[in-house]
Each structure stands twice: as structure tokens, then as C-alpha cells.
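Please read the structure below before turning to the comments.
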Amino acid sequence: MNVIVAGAGIIGCAVAYELASRGARVRVIDPRGPGQGATRASAGVLAPYIEGHSDALLKLGACSLGYYDSFVARVAADAGRPVEYRRAGTLEVACSDAEASELARAAERLSRAGVAHSLLDGDAARRLEPALSRAVSAGLLVPQHGYVAATAFTSALVAAAERRGVVFAADSLARVAQSADPVVIAAGSWSSRIAPSPAPVRPIRGQLLHLVFDHPPLTRVVWGSRAYLVPWEDGSVLVGATSEDVGFDERATEEGVTDLLARATAVAPAVAGAPLREVRVGLRPATSDELPIIGASSTMRGVYYATGHYRNGVLLAPLTALMVADLVLDGRERAELALARPDRFGL
Ligand code: GLY
């Protein structure tokens, strides 16, 4: 079967790779090339028990996290290169009494759900991560969480997909939905510009800082209410992220950088003196219910959606790829698809 994938972010690349792994002939179209939209500003945090803000999102995220080990291993093997991917946990931190109470409530929810975790006081959190500020009064450790280096993972997906025959073309997205072959619309915020049935996603800008350290100041992802920090193996740290409703404006701003540095310094003071390697900017594709749009169009035969992943595109990439490949190639609907149906938006 021939399939066209519109969009070469992490979702489009993962979908294309999975389709091609199962024998489809896939062409990926993106005028800007792979990983140039929301993906380039992702810190790659894999944390459904922090970012799963609704039952449905939590279910999708936890399910996708369960596929991560095997999906990354397959992609790395097919690409012939390792992917930076660590499941060293997240430490969510509180810097006020209200935040500490919220962490205690989150710990109760995890206990009820049978999810491994530890609720720590400030000193115990600092024993785990000595770079944390004295203002940290509590921490919640979730060992199964982690991160993947999103840009490197996307490059590996492209290499793995190309080895399986996928062709990447820098063509316009404008009319792909009128193709005679099945089309998967996976263009993130730009899915709202694909006729004749644009997806109702709007761009929410995220700015992310890449800071350089000689030695890694942290050993795991640290998540505060106003900033998160992701330590990479090379010692650098990603600090995220702003959340700005400014349309299709992908520029970095001085205000965004200053604000992020202040927020991150409150959690880990060493951030203040670190050299800034770059500012990454991307547009998260948000839907009104903050859930992705995944599945077959109810109005156009041969059109499928895999878009609107908002803050969780990297986390949801493996599950999205598996669900879309099942659907497009075998007409099989996984149960999780019911949580993301396009027809809830009349698509
Ligand atoms: N998932 C983190 C963010 O969107 O900033």
C-alpha cells in the first residue's frame, strides 16, 4: 500500500517508520524537512504521571510509555545508531506549602493506582539532587519516568525510516488531503491549514533553553511548577518552557529567556551562571480539550489524523505510530483510539 504522511515532526516520522516497517511504501511531505516544528523545542520529558492532566491523557501517556523501551530499541537498531534515552525518573519539586500539599495529593493518587513513587521532604530531595535550592521543601520521585533526546530520536527515526524505503520530500502540504492514496495528517499546528478539512489545532509557543555545564548538575529530570530541567549525558541541561498564545510566531524573545532563567534558578541556583548554547522555539499543537486527534476521518475516506498532541507529542509518538499503522494497514482499532477520535471535532 502507498501512504502519504503530511508532516515530518516526531509524530509524522514515527508513523512513517511504523508503516514502512510493516511493508507500506511511504512518502513524507514537509516543506521544512524533519523535526523543524514543535519537535525542535521539546525537552523530550516522558512523564505521564506529571503531565497527564486528564484521565484520558494519563491513559494514553502511560500506555505509550509502556511501548518506549521496545520502540527506541527497534529504531536505534534500524538506524544503526544509539539514541539518548534514559528512564532515571523524575523528581517533581515543591517550593511552597501549597505545592507541597499538591505533591502529597499526587502521591496518594499514585498509591491508589499502584504506581511506584517516593514522597520526600526537602532535605531528602537535596540528598538525591544536591543542586536543588534551599527553597525546595518537598519532592515526589517517580522512577519509571525519563526523557529521550527528541531531536536525536527524530533523526534516528528518519534514518531508520529511510532504510525501510521511506522517501522524505520538501513539498507543500496544501493539497495532500486530496491525494488518491491514504493520507495521514501529522503536521502539528500546520494541520489547521490543510484543506479540505483543517484540524482545529492552534499553536502555543514554547521557548526552551539549552545550557552548558562542565559536569551534569543533576542526575534526573527535575520538574517544578514553573520550570523543568532535563540533564543530558554530555552535561548540558535543557530548561523549559514558556507557554505563549502568539499565533505562528516562532521567534525567541528576551523576555522568554529571562523569565525561564529566573524560574529555573529558583529551583537550581547553579543555572544562573551557565553559558547559554541556544534558545529553541517550537509551536505546540493544542486542541480545545488538550487531547490529540488520532484516527480515521469520519467525512473523507482514506484520510487519517495524527495531530494535536500539544504538550505530549514525544511521549505519545510510539502509541500514535502503532495505532495509526494498525488502522491504516489492517483496519484495526486499538481501544485507546476511542480517547482521541477525530469525530469529536466533526472531522
Ligand atoms: N511537555 C512539556 C512542554 O510542553 O513544555
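The values are calculated or read from the model by the stated rules, or taken from the named source; none is laboratory data. Small disclaimer: the values here were computed from a predicted structure and weren't measured. Methodologically, a virtual Cβ is constructed for each residue, glycine included, from the backbone with ideal geometry; neighbour enumeration extends over all protein chains shown. Each accessible area value is taken on the protein alone, full model and side chains, heavy atoms only, with ligands, DNA and RNA left out. Shrake-Rupley method; radii C 1.70, N 1.55, O 1.52, S 1.80 Å.
For this structure, a couple of remarks:
- Inter-part distance where region 299-347 and region 42-83 are each reduced to a Cα centre, Å: 16
- Measuring only protein heavy atoms, the 1.4 Å probe finds PHE248 accessible over about 80 Å².
- Three semi-axes of the equivalent ellipsoid, the chain, Cα gyration tensor, whole Å, largest first: 34, 21, 19
- Taking the centroid of alpha carbons for each part, region 148-189 and region 256-277 are 35 Å apart.
- Helix axis angle, 254-267 relative to the chain longest principal axis, alpha carbon, degrees: 50
- Note on surface exposure: ARG193, ARG105 rank ARG193, ARG105 by accessible area, highest first, 1.4 Å probe.
- Farthest positive-ward along the chain dipole, Cα basis, beta-carbon charges - from MET323, ALA227, THR90: MET323
- Fraction of accessible area attributable to carbon and sulfur, the chain (%, probe 1.4 Å): 50
- Stokes-Einstein, applied to the Kirkwood radius of region 13-167 over Cα pairs at a viscosity of 0.890 mPa s and 25 °C, places its translational diffusion at 140 µm² s⁻¹.
- Angle between the chain longest axis and helix 10-21 axis [Cα atoms, degrees, rounded to 10]: 50
- For region 158-281, a crude dipole built from +1 on the beta carbon of Lys and Arg and -1 on the beta carbon of Asp and Glu, taken about the Cα centre, is about 320 debye to the nearest 20.
- Cβ-based charge dipole, the chain, positive-most Cα from ALA252, SER111, ALA340: ALA340
- Average accessible surface for the chain: 40 Å² per residue, computed with a 1.4 Å probe over protein heavy atoms with every protein chain in place.
- For the chain, the longest principal axis of the alpha carbon atoms and the long axis of helix 97-113 meet at an angle near 50°.
- Nearest-20 debye value, region 1-123 charge dipole, Cβ charges on Lys, Arg, Asp, Glu: 880
- Computed from phi, the 3J(HN,Hα) profile of region 327-344 under the Karplus parametrisation 6.51, -1.76, 1.60 (θ = phi - 60°) reads 6, 5, 8, 10, x, 9, 9, 5, 4, 5, 4, 4, 7, 9, 4, x, 5, 5 Hz, with x in place of Gly and Pro.
- Helical mean residue ellipticity (222 nm; -39500 (n - 2.57) per DSSP H run of 4+; nearest 500) of the chain: -10500 deg cm²/dmol
- Viscosity 1.002 mPa s, 20 °C: Kirkwood-radius Stokes-Einstein D of region 277-328 over Cα pairs, µm²/s: 174
- In region 187-319, taking the dipole from charged Cβ atoms about the Cα centre, the farthest positive-side position among LEU208, TYR304, THR265 is held by TYR304.
- The reciprocal of the average 1/r between distinct C-alpha atoms defines the Kirkwood hydrodynamic radius, which for region 120-272 equals 18.6 Å.
- Dipole magnitude for the chain: computed about the Cα centre from +1 point charges on Lys and Arg Cβ and -1 point charges on Asp and Glu Cβ, it is near 720 debye.
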